[in-house]
Amino acid sequence: MVGQNFEATRDAILDCLPEGVAVVDQSMQIVWVNKQLASWFNEETLLAQPFYEALDNPETMGTEVCPLQT
């Protein structure tokens, strides 16, 4: 019950943002997108896709490919 409430609250907050938000797993596969990102892309084509491939391999800035990778 607590987990479901947390997820519903998290989704509601992230869905209100004007920025596109994607949640990825450890292998950088998209597991959730907010409404804004879904409006820019077809949500079904984003889910379960590799993050960078789903966004058509955008140019990254800086020396690290992904700041989340350790």
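The values are calculated or read from the model by the stated rules, or taken from the named source; none is laboratory data. None of these values were measured; they are calculated from a predicted model. Cβ: placed from backbone, ideal geometry, glycine included. Neighbour counts: every protein chain shown. Ligands, DNA and RNA are excluded from the accessible area calculation, which covers all protein heavy atoms including side chains. Shrake-Rupley method; radii C 1.70, N 1.55, O 1.52, S 1.80 Å.
General observations
- Each residue in the range 5-20 was checked for being at pLDDT below 90 and loosely packed, with under 10 Cβ neighbours inside 10 Å, and 1 pass.
- Hey, V23 among the β-branched types (V, I, T), open to solvent by 70 Å² or more (accessible area, probe 1.4 Å) and touching a strand residue (DSSP E or B) at 6+ places or on another chain (Cβ under 7 Å) or not: no
- The set of residues in the range 33-51 being surrounded by 14 or more Cβ atoms within 10 Å (Cβ to Cβ) and not in a loop (DSSP other than H, G, I, E, B) consists of V33, K35, Q36, L37, A38, E43, L46, F51.
- Meets criteria (among the β-branched types (V, I, T) and modelled with pLDDT under 90) for V2: yes
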